[in-house]
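Enquirer: First the structure, which I've put down as structure tokens, then a few questions once you've had a look.
What follows is calculated from the coordinates using simple rules that are stated; it is not laboratory data. These numbers come from a predicted model, not from an experiment. Glycine gets a Cβ as well: all are built from the backbone with ideal geometry, and neighbour counts include every protein chain shown.
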Amino acid sequence: MKTFIIIGAINAFLAVALGAFGAHGLEGKISAKYLEIWKTAVTYQMFHSTGIFIIGLLMMKFPQSGLLNWSGWLMLAGIILFAGSLYVLAVTQISVLGAITPIGGVAFLTAWLLLIIATVKHF
């Protein structure tokens, strides 16, 4: 589905931009601990942007796959909840935001599981 290719590409673009911002704009402004948290968010956003992009390519072959569709949306939700909460945590240092991060992690895990099931089912 073209939508997931676009969503994946947008998120990859944002991951690169946010990575550059972290390296150049935040260095010296936040502690090393929070800069590492920022880097973790960038890494997970990029990995899952690639996952969403791949799902978009697979949906071109299997456009009616509900498993792939759910996997793509769960990866996007994971980016928002996992990476998003880490970005905000890094710049605000509000530790309660760390409670949101595992929800995004579960979304990532579920998305990958659905992708595995879809692959077994369709190939």
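Enquirer: Residue by residue through segment 25-31, which ³J(HN,Hα) values in whole Hz follow from phi under the Karplus form 6.51 cos²θ - 1.76 cosθ + 1.60 (θ = phi - 60°), with glycine and proline marked x?
Expert: x, 9, 4, x, 9, 10, 5
Enquirer: Ranked highest first by the average count of other Cβ atoms within 10 Å around their residues, in what order do 4-12, 60-68, 20-28 fall?
Expert: Order by mean packing, descending: 4-12, 60-68, 20-28.
Enquirer: Here is a follow-up. Which of the helices in the chain, when you take each full DSSP H run, stretch at least 30 Å along the axis at their Cα atoms and have an average Kyte-Doolittle score of 1.0 or higher?
Expert: 101-122
Enquirer: Tell me, what does the Kirkwood hydrodynamic radius of the chain come to in angstroms if you use every pair of distinct C-alpha atoms?
Expert: Details: mean 1/r = 0.0678 Å⁻¹.
Here the Kirkwood hydrodynamic radius works out to 14.7 Å.
Enquirer: Using a 10 Å cut-off around each Cβ, can you sort I55, I94 from fewest to most neighbouring Cβ atoms?
Expert: I94, I55
Enquirer: Of M59, M75, how do they rank once you tally other Cβ atoms within 10 Å and put the fewest first?
Expert: Neighbour counts put them in this order, fewest first: M59, M75.
Enquirer: Highest first, please rank the peptides 83-90, 30-37 by the mean number of other Cβ atoms sitting within 10 Å of their residues.
Expert: 83-90, 30-37
Enquirer: Can you tell me the dipole magnitude for the chain around its Cα centre, using point charges on the Cβ only (Lys, Arg +1; Asp, Glu -1), in Debye to the nearest 20?
Expert: Once rounded to the nearest 20, the dipole reads 200 debye.
Enquirer: Spin-label point model (7 Å from Cα, Cβ direction): what's the F13 to S31 distance in nm?
Expert: With each label placed 7 Å out from Cα toward Cβ, I get 3.6 nm.
Enquirer: Taking only the alpha-carbon atoms of segment 16-85, what semi-axes of the equivalent ellipsoid follow from 5 times the gyration tensor eigenvalues under a square root, in whole Å, largest first?
Expert: 31, 11, 6
Enquirer: Would you pull out the residues with amide H under 5 Å of I30's amide H, same chain only if 5 or more places away, H placed 1.01 Å from N?
Expert: none
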